[in-house]
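Reading through the structure tokens given below for one structure.
What follows draws every value from the coordinates through simple rules; no lab data is involved. As the structure is a computational prediction, the values presented were derived from the model and not from experiment. No Cβ is skipped: glycine too gets one built from the backbone with ideal geometry, and neighbour counts run over all protein chains shown.
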Amino acid sequence: MKRIILTGGGTAGHVTPNIALLPGLKKAGFDIKYIGSYEGMERKLIEKENIPYCGIATGKFRRYFDVKNFTDPFRVLKGYHEAKKIIKEYKPDVLFSKGGFVAVPVVFAAKRYKIPVIIHESDMTPGLANKLCLSSATKICCNFPETVKHLPEGKAVLSGSPIREELLKGSRDAGLSFTGLTGNKPVLLMMGGSMGSKVVNTALRGGLNTILREFEVVHLCGKGNIDTSINKEGYKQYEYISEELKDLMAMADIVLSRAGANAICELLALQKPNVLVPLSAAVSRGDQILNASSFEKQGFSYVLQEENLTSENLCEAIKTVYKKKNDYINAMKKSNQANGVEVVLQLINELASKK
């Protein structure tokens, strides 16, 4: 039986693409093991899938001063030795890494034992953890055409992001039943992530009266961000949705979202016309701005920068995108980046067979 180790952690974006690969890996006959941090969020997500999980020590590499910069290298070194022990005993045929700092010692350990390594980079430009791993990779998958020039020659594969199978199987009727909406108007779905976005929440709520004339609205506003003072027909708000998200996506005619790579690749796979408000460069490394810019250039998205966001221009953007929805859908239909599952699985099988 072929064996594979999956790794990645720190955020859901470093785990869900791994989960998306599980059905295909099982069907192909792989024995699967996951390496993550001792108690990171990835542990619960992976154990829920009944995949054997091994925790290792991990530390973060920072570009700025922090007292932990003096201790974390030792944690990374410990994680490296722990990963080496796991790999030596398990003898995988291939390693797939979705990134995050927990993946760095695992990738280095795989290289030590000459295990083929596939890395997936979600954002336009590689983050620090993946940058450290590029020289150890056999192949590097990416979501954006522009990313290829940032990767070592001969290693880059434009794959798109692996999308969870269940997300593609949502039901519009189930979404309407869950929310209690009528479906008599087009539905706008706003997604701001598990913690929400104060800026986007405020702009959306400020324009609700205008938006509700033409749309029904499902607002995923983030933990602690429900506004109980708003009680308008056709407006439903939730902190966060997990199991029913596939049905809400199936129900949505247009989506308002941040521009995290996995989120927008899901919109692409589902061919959902969308308005993106990327996270400001003032509070990030600017990756969402680059992601959104690529999608805008390819005709997949309408982009509003956070610094310029108002209720007025948000309302106008929503109306514009819905009016031109067929143009956005047709552009997405022509894309070869929609769902990376098959491309990544093919690479895994090829490298595992050569081992």
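Miscellaneous remarks
- Highest to lowest packing among 174-180, 342-348, 323-329, 186-192, scored as the average C-beta count within 10 Å: 186-192, 342-348, 174-180, 323-329
- With the convex hull drawn around the C-alpha atoms of region 106-185, the volume per residue stands at 149 Å³.
- Restraint check, 84/155; 139/319; 98/333; 44/84; 48/185, Cα-Cα greater than 32 Å: 139/319; 48/185
- Order by protection proxy (mean Cβ within 10 Å, highest first), peptides 291-304, 147-160, 260-273, 197-210: 260-273, 291-304, 197-210, 147-160
- Full extension of the chain between residue 173 and residue 310 gives 46.1 nm of extra length, using 0.36 nm per residue less the Cα-Cα distance.
- Working from Cα pairs under 8 Å separated by at least six residues, relative contact order for region 166-333 is 24 percent.
- For region 227-284, the ratio of Cα radius of gyration to the globular rule of thumb 2.2 N^0.38 Å stands at 1.30.
- The dipole here belongs to the chain: it is taken about the Cα centre, uses +1 on the Cβ of Lys and Arg and -1 on the Cβ of Asp and Glu, and is about 1300 debye.
- Within a straight-line Cα-Cα reach of under 14 Å, residue 27 can be paired with the following aspartates and glutamates, leaving aside sequence neighbours fewer than 8 residues apart in one chain: 165, 342.
- Cα Rg, Dmax (largest Cα-Cα span) when computed across region 166-333, Å: 14.5, 41
- Computed over the Cα atoms of region 258-352, the ratio of the radius of gyration to the Kirkwood radius (Rg/Rh) comes to 1.06.
- Rounded to whole Å, sorted largest first: equivalent-ellipsoid semi-axes of the chain, Cα gyration tensor: 37, 21, 19
- Relative contact order (percent, whole number), the chain, Cα cutoff 8 Å, 6+ residue spacing: 16
- Projecting the Cα atoms of 38, 168, 81 onto the dipole axis of the chain, where Lys and Arg carry +1 and Asp and Glu carry -1 at the beta carbon, places 81 farthest toward the positive end.
- For region 173-255, the normalised intensity computed at q = 0.27 Å⁻¹ comes to -1.56 (log10 of I(q)/I(0), Debye sum over alpha carbons, equal scatterers, no solvent).
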